[in-house]
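This report concerns only the one structure given below.
The values are calculated or read from the model by the stated rules, or taken from the named source; none is laboratory data. Everything numeric in this text was worked out from a predicted model, so none of it was measured. Ideal geometry is used to build each Cβ from the backbone, glycine not excepted, and the neighbour counts take in all protein chains shown. Areas reflect the complete protein model, heavy atoms only, side chains present, ligands, DNA and RNA absent. Shrake-Rupley method; radii C 1.70, N 1.55, O 1.52, S 1.80 Å.
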Amino acid sequence: MASPSSLQTQFVLSIACPDRPGIVAAVTTFLFEAGGNILEAQQFDDLQSKRFFMRVVFAIDSQETGFAERFRDDFAAIAERFGMEWTLRDRAEKRRVMILVSKFDHCMVDLLYRWRNGELPMEITAIVANHPRETYAGVDFAGLRFHHLPITKQTKMEQETELWDLVRETKTELVVLARYMQVLSDGLTAKLNGRCINIHHSFLPGFKGAKPYHQAHERGVKLIGATAHYVTSDLDEGPIIEQDVERISHGDTPDDLVRKGRDIERRVLARAVRYHLDGRVILNGGKTVVFSE
Ligand SMILES: Nc1nc2c(c(=O)[nH]1)N[C@@H](CN(C=O)c1ccc(C(=O)N[C@@H](CCC(=O)O)C(=O)O)cc1)CN2
């Protein structure tokens, strides 16, 4: 991602709308007339869903104060004309991200590392765990808020109420389930629609649910994988954002698969979070459009 000069402000415009001729022309003409300089433009025309998707990165002179407000007011007419769902984001504005974790912390630790080195430009609002802080002995939380929200079948709804209150209080925009092993209620998934990412430790749609590596070992697979997806009320069925696989052999034990799987999970979740943070992922029904880096 090219770092903008101090004289420029970069914006990401993401669009989804019914497909018809003239969309690109209307958007690029509007941007030109608004003083925008297009740096990246990608589009996808889904002939099956008959929907059109576009991601445009453009720069404007930073001296232009109030540009985003004017843009939103003026672009609304074009959006209405084409039936667009759209977002405009200042690329330098970091999204506010909450990380949830259970017993296994490898993905959470990896996200913290990539946050520290700037690879994931985000504001971490809190780390929330359903296990006590001692579970993560030795993890440097860098002063980040840490909330232990224990959960049992009997206290699930109370715990989710606390979690949701925290999401609202911290103005969290994205919730990441970094091997958080609790099924979110339909109510909470609805509130977090399109802004809650889970890492499932299998190459979905294979081996949904619990213990996928043990399921894979029993099946005798030659590849294992991980899948990052948006969370919906249908367990492990949400729109897939990123996947990857590793070859395994007949001699690998379930523990070998768990060990080899950790590396896949880390890189798949990190890629998915990075794509989401940069507005590269657009929902397309039960699927996603992911514009490449
Ligand atoms: N509403 C959704 N919630 C969650 C999803 C999802 O897609 N929709 N993904 C899961 C992650 N997951 C596998 O990746 C998963 C997590 C937990 C369970 C499960 O059976 N949990 C038990 C409790 C287990 C425990 O306490 O150790 C439960 O919630 O009753 C299955 C799959 C995250 N949530």
Inset, instruction - Considering only DSSP beta bridges where both residues belong to the chain, give the percentage that are antiparallel (nearest 5). - result: 70 percent
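In debye to the nearest 20, how big a dipole does the range 235-293 give about its Cα centre with +1 on each Lys and Arg Cβ and -1 on each Asp and Glu Cβ?
Numbers: 10 positive and 12 negative charges, 42 e Å.
The dipole of the range 235-293 has a size of about 200 debye.
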Legend entry - Ile23, Ile78, ranked by accessible area, largest first (probe 1.4 Å): Ile78, Ile23
Inset, instruction - May I ask you to derive the relative contact order of the chain, considering only C-alpha pairs under 8 Å and at least 6 residues apart, and to give it as an integer percent? - result: 16 percent
Inset, instruction - Taking only protein heavy atoms into account and a 1.4 Å probe, give the accessible area per residue of the chain in Å². - result: 50 Å²
Legend entry - Computed lengthening from Ala190 to Lys211, 0.36 nm per intervening residue step minus Cα-Cα distance: 5.0 nm
Inset, instruction - Please list Asp140, Asp236, Asp165, Asp105 in order of solvent-accessible area, largest first, computed with a 1.4 Å probe with all protein chains present. - result: Asp140, Asp165, Asp105, Asp236
Inset, instruction - Leaving ligands, DNA and RNA out of it, report the carbon-plus-sulfur percent of the accessible area of the range 169-293 at a 1.4 Å probe. - result: 50 percent
Legend entry - Rough spin-label spacing in nm, given labels placed 7 Å along Cα→Cβ, for Phe32 and Glu246: 5.0 nm
Inset, instruction - Given a cut-off of 19 Å, name the pairs among Lys208/Lys287; Lys103/Lys171; Lys156/Lys287; Lys153/Lys191 whose C-alpha atoms lie farther apart than that in the structure shown. - result: Lys103/Lys171; Lys156/Lys287; Lys153/Lys191
Legend entry - Low-density loop cleavage sites - trypsin sites (Lys or Arg not before Pro) in the range 117-197, where at most 14 other Cβ are within 10 Å (DSSP): Arg145, Lys153, Lys171
Legend entry - Debye intensity ratio in log₁₀ form over the Cα atoms of the chain, taken at each q of 0.14 Å⁻¹: -1.10
Inset, instruction - Please go through the range 46-115 and write out the trypsin sites (Lys or Arg not before Pro) that DSSP classes as loop and that have at most 10 other C-beta atoms within 10 Å. - result: Lys50
Inset, instruction - Using label points projected 7 Å from each Cα along Cα→Cβ, tell me how many nm separate Arg116 and Glu218, to one decimal. - result: 3.9 nm
Legend entry - Separation in nanometres of the label points that stand 7 Å from Cα toward Cβ, at Ala137 and Arg168: 3.8 nm
